[in-house]
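These notes are about the structure you will find just below.
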Amino acid sequence: MTITEQTYDHIRVEKNAEKQTATIVFDRPEKMNYISMLGREQLTEIFDGLNQDDEVRVIILKGAGDVCFSAGGSIPEFMATHQEKLSHLAENVAAPERSPKPVIAQLQGYTFGVGLELAMACDFRIAREDTLLALPEMNLGMIPGSGGTQRIAKIVGLTRAKDMIMRARKIPANEAYQWGLLTQVVSKGDLQQAVDSLVEELVQFSPLAQRVAKEVLNASEESPLGVGLKMEGKAYGLLRTTEDFKEGVDAFVEKRKPVFTGK
């Protein structure tokens, strides 16, 4: 197993060639893994690099230590940042959503503010049972500003989004799972195994088909049904011409496991 690292502003990137993964670690456990303004800006750069890396099939976001994923951002940094810059915070936080690859948020403990906003931009959210999720900006006379109001409403519905944001509620993992905010909730000792199992499952599929599926599904959030159906149809027809589709059909007929190459 080969792991390489590159360090950003308290963000560590680990690449595991054997598992075909890259893990983005928010690495400031002594300060609850808070994510700096510079760190948010670097996320776009980090994802751009990983998106172009053919050795990486799945990207994982996690927090260092055992206490939290991320308790949010730095209030002093927020106060020192010009309002024009603040109005663009959601663009960098959306990097997981823009990535053509599957992105997993590996959650534990406190997942607050921009931590939760980043997790909601991921495709899968696997949480330890002690995870607490919150968008607590109302306590500061503020609202979430990195996509939180919009994504939470789309994921869990307007009524629950208002209940969570307007009351600054902390939502336990099991309740968040019932809301549809989490993909899976596991016991404290099973989090890594659950993430590894999902990775093993995802890398078996055609990377091309996964990329197209993610693009079409993301577009469905903003498209009328008719437009979405046309997009799905065109994507379906495109995939029909790929080598991966032929390999999938051949493997099905021959009763063997397919070997996809992304072509």
Can you tell me the mean projection area, over all orientations, of the convex hull of the range 89-171's alpha carbons? Units nm², please. 5.1
So how strong a dipole does the range 161-263 carry about its Cα centre when Lys and Arg Cβ are +1 and Asp and Glu Cβ are -1, to the nearest 20 debye? 240
Environment charge of ASN51, counting only residues whose C-beta is closer than 15 Å and scoring Lys/Arg +1, Asp/Glu -1: -2
Taking the Cα centre as origin and putting +1 on Lys and Arg beta-carbons and -1 on Asp and Glu beta-carbons, what dipole magnitude results for the range 93-164, to the nearest 20 debye? 220
Principal semi-axes in Å for the range 85-236 [√(5λ), Cα gyration tensor, largest first]: 26, 21, 14
Given the alpha-carbon gyration tensor of the range 28-137, what are the semi-axes of its equivalent ellipsoid in whole angstrom, ordered largest first, with each equal to the square root of 5 times an eigenvalue? 21, 19, 11
If I histogram all Cα-Cα distances within the chain using bins 5 Å wide from 0, what percent of pairs lands in each bin? 1, 6, 12, 16, 18, 17, 13, 9, 5, 2, 1, 0, 0
Dipole magnitude of the range 45-165 about its Cα centre, charges +1 at Lys/Arg Cβ and -1 at Asp/Glu Cβ only, in debye to the nearest 20? 420
State, in angstrom, two size descriptors of the range 6-57 derived from its alpha carbons: Rg to one decimal place and Dmax to the nearest whole number. 11.6, 34
How long are the semi-axes of the ellipsoid equivalent to the range 107-153, from square roots of 5 times the Cα gyration tensor eigenvalues, in whole Å, largest first? 19, 13, 7
Here the tail fraction of P(r) beyond 13 Å, over all Cα-Cα pairs of the range 191-253, rounds in percent to 69
Using r as the Cβ-Cβ distance of ASP66 and GLU200, and R0 as 25 Å, what FRET efficiency do you calculate, to the nearest 0.05? 0.60
What helices does the chain have that are whole DSSP H segments, at least 18 Å long along their own axis by Cα, and with mean Kyte-Doolittle hydropathy of 0.5 or more? 225-239
Candidates LEU202, LEU140, LEU132, ranked by Gaussian network fluctuation over the chain, Cα under 10 Å, top entry: LEU140
Name the lysines eligible as straight-distance cross-link partners of LYS263: C-alpha to C-alpha under 24 Å, and not fewer than 8 places from it in the same chain. LYS15, LYS19, LYS101, LYS214, LYS230, LYS234, LYS246, LYS255
Could you provide, to the nearest whole Å², the per residue accessible area of the chain with probe 1.4 Å? 53
How much length is gained on full extension from MET166 to ASP190, taking 0.36 nm per residue of separation minus their Cα-Cα distance? 5.3 nm
A convex hull over the alpha carbons of the range 148-239 yields, per residue, a volume in Å³ of 115
Net charge around ASP196, counting only other residues with Cβ within less than 15 Å of its Cβ (Lys, Arg = +1; Asp, Glu = -1)? -1
Normalise the Cα radius of gyration of the range 150-200 by 2.2 N^0.38 Å (N = residues in it) and let me know the number. 1.35
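The values are calculated or read from the model by the stated rules, or taken from the named source; none is laboratory data. Treat the numbers as computed from the prediction; the structure is a model and nothing was measured. Don't worry about glycine lacking a Cβ; one is built from the backbone with ideal geometry, like all the others, and counts go over all protein chains shown. Accessible surface is based on the protein model in full, side chains and every heavy atom, while ligands, DNA and RNA are left aside. Shrake-Rupley method; radii C 1.70, N 1.55, O 1.52, S 1.80 Å.
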